[in-house]
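One structure is given below, encoded as structure tokens.
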Amino acid sequence: MNKAELLAPVGKMENAIAAIENGADALFVGGKGFNARQAADNFTEDELEEIVKYATLRGVRVYVTVNILIKPQETESLYQYLKYLEEIGVHAIIIQDLGIAHIARKYFPNLRLHASTQISAHSIEDVMFLKELGFKRVVLAREMQLKEIEEIIKTCDIEIETFIHGALCYSYSGQCLMSSLIGGRSGNRGRCAQTCRMRYNLKEDGKLLAKESYLLSLKDICSIEFIPELLSAGIHSFKVEGRMKSPEYVASVIRTYRKYIDMAENNEPYNVLEEDLNVLKGIFNRGGFSKGYYYEKGSKKMLTPVSPRHIGIKVGEVTRFIAKTGVATIKLTHDLKPGDGLEIIRLGKESVGTGITKACQAGTHITCTFDKYVEVGSEVYLTKNHQLLKEMRQTYLKPVRKLPIQMKVVGKLHEPIELTLTCQGKTVTVYGEVLEEATSNPVTLEQARKQLTKLGSTSFVAREVEMSWPEYAYIGVSKLNEIRRAAALNLEEALLEKVVDKIPVAYPKVELEENHALGWTAHVTTREQLEVVLSYPEIKAIYWEWCYNNEAAEEALDKSIMHGKAFYLALPHIMKESMYKAYQEDLLKWEQTALTGFLVRNIGEYAFLKSCHKKIMIDYNMNITNNETLALWQEKGVERATVSVELSSSELGLLAGNKEKIVYGHLPVMTSSQCVLRGTPSCQKGKKEKHYFELEDRKEISWRIQTDCKACMMQIMSYEPLAHRKNEIPASGYTLRLQFTNETASQTEEVLQNYLRHTERKALKGTTFKGVL
């Protein structure tokens, strides 16, 4: 059976010890900056160095998350941070921004690179491209099915990491702008406001289909029941989500998975005990678990049924409630202990809770007082299991995990004692005092062994001891202690030894050639939009939304050529392997046409098309926010790169090279393998007559739903178009794009007039990304 790494989430030092003591093989941690969990405690630089040393000396690897997008003004401090991480000997860095890889390859070749799930790698093409960039491991998108993962592992010679437990995002990671657009808290900058955990109404053509439901909130994934299948697939690393969780959470989840991973790897009969499942549920669940996407595409079964928060385990039901006094009578189905916490889920309302002060038995009735009305029949949940939390704390309060070592002792009369320690391929030898011949009370072999293996205060435990020792030898106990301490210290230094290359002290700023901006481009989705756009000579290039339809695209190409416009096919945001296989021939046909090029929306599409003779443009959702990333794509031969919509006007002014900026358009704020219509009578797959669907939030703001039924994908569109005003548009250095999605011909005309013909632009109704953190 394949061996897999168990990778634990760590947001503070206590969690690190909890993970190590309960069997983690590796930890992923974040510093105070440049990481995607800014709400976690995280580590100062001194603390990072401490945790690297502590973990390394217990045989545990430490990966540091540098998994956010880097703004142009941050590259100097990023460079210094990478330099520091290399110096303290981190085992890898986990990154989203390809600009970081561009820096690391040039200046920090000893830093091992892991591609974050924020890169949204979901195909063989994605993974092979990342391998070519120098990545040693890829954390796949959570939306991958097991059969797809197996195909990637068989095809790509690179380590693959997947999530086995914890929270799931509704959107592909790295493809969510919803939190950023609403409140400036970018998921790409580690500050997601978790908009998917809110209630929404679902409407079809204005008619209410679902009211105040958690339509975007997913249950946590739990894969404990199919660990053997994941091992058989060849997955290298099993990742547990939860850097903002408690140390008790880390202890319980890591401890449980360690037990079952070991069971599977040792080919023992595999049967998950209900008591172990209840430990996982008791520490955190959102109304049960799902298997994630390993065995199915997204479905309603994966949604949280009543609450996006932890609800624990059902322990009873309200049988009576007296409104006047607020006293509820609860019939228990489980025992309760002092210190436990109960919560009653009130559908559509705020939940209420209470604490338990005395032991209560299953089958009995208890009374509790609440300050809000509670319906008879309401389910009661144990959300704080005092005994479980206490037991989990006991697993790490007194750390005992140590590195096993081999010890060899050579003692010869009239020669210095020789002590050799070996661990993880490192060997150190220390020589002590001369071993004298005893005149009385000789030190026996067992006495010497006992003293030399006293490694209690060190990071080691002697598992194998080889000794040669003369019969009548003498040496002082203090001298044996000295040689033992010296050898242990030398072995620690050997294990912590790092390779650091000499690099420039200051960040060598990347130089990019300033290219002439094209002027204006337009992205269009319909024939009506195209007809209007073609009549404007200011528009130099057309991006046509392909939608897997070559016939419509060929018609649009012919019309664009007649009007002297460059013409590009805009490809899907997500292209899994099955879609490449289905549409490979359709895409390659364009090589023989007058097509100018392709607008690609993921790295796999670039990799798939890089050998063709057409131009390649990078779209905004590939998250370009700094000159290092622009330089990388320039080196890869792309014609132009569209920069992130999350950058401010001042940040845009710091970018160089051949670049494009979207100044108008409805944009996807989530791209998901889930679909709120799937499995309902409203599902649009195979239907000729399409309907208008929208989500309505608590502020009565509507978000249009856009479906890709061929790929079974859904996108949530911005509630208003991105609409930059004149003072927000870069004065020079950028090709500017107008993005049309569902606009009518007259609306398209209005936008074109506003941006291209009016000296003083009208204030179009729209929004912008302001003050993104």
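The values are calculated or read from the model by the stated rules, or taken from the named source; none is laboratory data. Computed from a prediction, not measured in an experiment: that's the story for all the values here. Note that each Cβ is placed from the backbone with ideal geometry, even for glycine, and that neighbours are counted across all protein chains shown. Heavy atoms of the whole protein, side chains included, go into the accessibility calculation; ligands, DNA and RNA do not. Shrake-Rupley method; radii C 1.70, N 1.55, O 1.52, S 1.80 Å.
Pairs needed: first member in the range 738-750, open to solvent by 60 Å² or more (accessible area, probe 1.4 Å); second member anywhere, part of a helix (DSSP H, G or I) and at pLDDT 95 or above; C-beta distance under 6 Å; at least 6 residues apart or different chains.
Sorted first by the residue in the range 738-750, then by its partner, the pairs are E749/V532.
How about the range 409-432: which of its residues are part of a strand (DSSP E or B) and either open to solvent by 90 Å² or more (accessible area, probe 1.4 Å) or within 14 Å of Y472 (Cβ to Cβ) (or both)?
Listed by number, the residues that qualify are L413, Y431.
Could you list, in sequence order, all residues of the range 354-381 that are assigned to a strand (DSSP E or B), polar (S, T, N, Q) and under 41 Å from the mean Cα position of the chain (by Cα)?
Within the range 354-381, T354 is the sole residue that qualifies.
Under the condition of being under 23 Å from F238 (Cα atoms) and of a type in the set (D, E, K, R), which residue from the range 206-222 is least open to solvent (accessible area, probe 1.4 Å)?
D220
Condition test on E694, is it touching a strand residue (DSSP E or B) at 6+ places or on another chain (Cβ under 6 Å), in a loop (DSSP other than H, G, I, E, B), open to solvent by 10 Å² or more (accessible area, probe 1.4 Å) and not small (G, A, S)?
Answer is no for this residue.
Collect the residues in the range 640-661 that are surrounded by fewer than 21 Cβ atoms within 10 Å (Cβ to Cβ) and either of a type in the set (A, V, I, L, M) or part of a loop (DSSP other than H, G, I, E, B) (or both), keeping them in residue-number order. Don't jump to the end; show me each part of the working.
Keep residues of the range 640-661 that are surrounded by fewer than 21 Cβ atoms within 10 Å (Cβ to Cβ), which gives 648-654, 656.
Selection gives S648, L652, G653, L654, A656.
What single numbered condition from (1) part of a strand (DSSP E or B); (2) open to solvent by less than 60 Å² (accessible area, probe 1.4 Å) fails to hold for Q406?
(2)
Return the only residue of V465, V461, V524 being modelled with pLDDT of 95 or more, closer than 30 Å to P721 by Cα and open to solvent by less than 70 Å² (accessible area, probe 1.4 Å). So that I can check it myself, show each step before the final result.
Numbers: V465 fails: closer than 30 Å to P721 by Cα; V461 fails: closer than 30 Å to P721 by Cα.
Being modelled with pLDDT of 95 or more, closer than 30 Å to P721 by Cα and open to solvent by less than 70 Å² (accessible area, probe 1.4 Å) holds for just one of V465, V461, V524, which is V524.
Does any residue in the range 323-351 that is farther than 21 Å from F284 by Cβ and open to solvent by 70 Å² or more (accessible area, probe 1.4 Å) come within less than 9 Å, Cβ to Cβ, of a residue that is part of a strand (DSSP E or B) and hydrophobic (A, V, I, L, M, F, W, C) six or more places away or on a different chain, and which pairs are these?
Qualifying pairs under 9 Å: K331/V318; K331/I366; K331/V380.
Here is a check on your reading of the model: is F28 under 16 Å from the mean Cα position of the chain (by Cα), buried (at least 22 other Cβ atoms within 10 Å of the Cβ) and modelled with pLDDT of 95 or more?
Working: under 16 Å from the mean Cα position of the chain (by Cα): yes; buried (at least 22 other Cβ atoms within 10 Å of the Cβ): yes; modelled with pLDDT of 95 or more: yes.
It is true that F28 is under 16 Å from the mean Cα position of the chain (by Cα), buried (at least 22 other Cβ atoms within 10 Å of the Cβ) and modelled with pLDDT of 95 or more.
When you go through (1) loosely packed, with under 13 Cβ neighbours inside 10 Å; (2) modelled with pLDDT under 95; (3) in contact with a helix residue (DSSP H, G or I) (Cβ under 9 Å, 6 or more places away or on another chain) one by one for T304, which number turns out not to apply?
(1) is the only condition that T304 fails.
Can you work out which of the residues in the range 528-573 that are in contact (Cβ under 8 Å) with a residue 24 or more places away in the chain and of a type in the set (D, E) is nearest to Q753 (Cα to Cα)?
E538
Return yes when A494 is within 42 Å of the chain's Cα centre (by Cα) and open to solvent by less than 50 Å² (accessible area, probe 1.4 Å) and no when it is not.
In short, yes.
Take the residues in the range 712-723 that are open to solvent by 20 Å² or more (accessible area, probe 1.4 Å) and assigned to a loop (DSSP other than H, G, I, E, B), then tell me which one is nearest to S649 (Cα to Cα).
E720
Looking at the range 1-27, I want the residues that are within 16 Å of S246 (Cα to Cα) and have a partner that is open to solvent by 20 Å² or more (accessible area, probe 1.4 Å) and part of a helix (DSSP H, G or I) with Cβ atoms under 7 Å, at least 6 apart or on another chain. Which pairs are those?
Pairs that qualify, where the first residue is within 16 Å of S246 (Cα to Cα) and the partner is open to solvent by 20 Å² or more (accessible area, probe 1.4 Å) and part of a helix (DSSP H, G or I), are M13/E47; N22/R255; N22/R258.
Starting from residues that are of a type outside the set (F, W, Y), over 30 Å from Q80 (Cβ atoms) and touching a Lys or Arg at 6+ places or on another chain (Cβ under 7 Å), keep the ones in the range 497-521 and report whichever is surrounded by the most Cβ atoms within 10 Å (Cβ to Cβ).
Step by step, filter the range 497-521, then rank; the result is T521.
Looking only at residues in the range 602-618 that are farther than 24 Å from T117 by Cβ and part of a strand (DSSP E or B), which one is most open to solvent (accessible area, probe 1.4 Å)?
Restricting to residues being farther than 24 Å from T117 by Cβ and part of a strand (DSSP E or B), the top hit is K615.
Any residue that is aromatic (F, W, Y) and more than 22 Å from H91 (Cβ to Cβ) - is there at least one of those in the range 146-163?
First, pick out the residues of the range 146-163 that are aromatic (F, W, Y): 163.
Those left that are additionally more than 22 Å from H91 (Cβ to Cβ): none.
Within the range 146-163, not a single residue is aromatic (F, W, Y) and more than 22 Å from H91 (Cβ to Cβ).
Consider E482 carefully, then state whether it is within 48 Å of the chain's Cα centre (by Cα), in contact (Cβ under 8 Å) with a residue 40 or more places away in the chain and open to solvent by 90 Å² or more (accessible area, probe 1.4 Å). Lay out the reasoning, then the answer.
Numbers: within 48 Å of the chain's Cα centre (by Cα): yes; in contact (Cβ under 8 Å) with a residue 40 or more places away in the chain: yes; open to solvent by 90 Å² or more (accessible area, probe 1.4 Å): no.
Judged against the criteria, E482 is not a match.
Going by the conditions given, is E50 more than 27 Å from L773 (Cα to Cα), in contact with a helix residue (DSSP H, G or I) (Cβ under 8 Å, 6 or more places away or on another chain) and open to solvent by 40 Å² or more (accessible area, probe 1.4 Å)?
The answer is yes for E50.
What number of residues within the range 662-688 are open to solvent by less than 10 Å² (accessible area, probe 1.4 Å) and assigned to a strand (DSSP E or B)?
Selection size over the range 662-688: 7.
Could you tell me whether the range 71-79 includes any residue that is closer than 28 Å to S180 by Cβ, touching a Gly at 6+ places or on another chain (Cβ under 9 Å) and open to solvent by 30 Å² or more (accessible area, probe 1.4 Å)?
Scanning the range 71-79 turns up at least one residue that is closer than 28 Å to S180 by Cβ, touching a Gly at 6+ places or on another chain (Cβ under 9 Å) and open to solvent by 30 Å² or more (accessible area, probe 1.4 Å).
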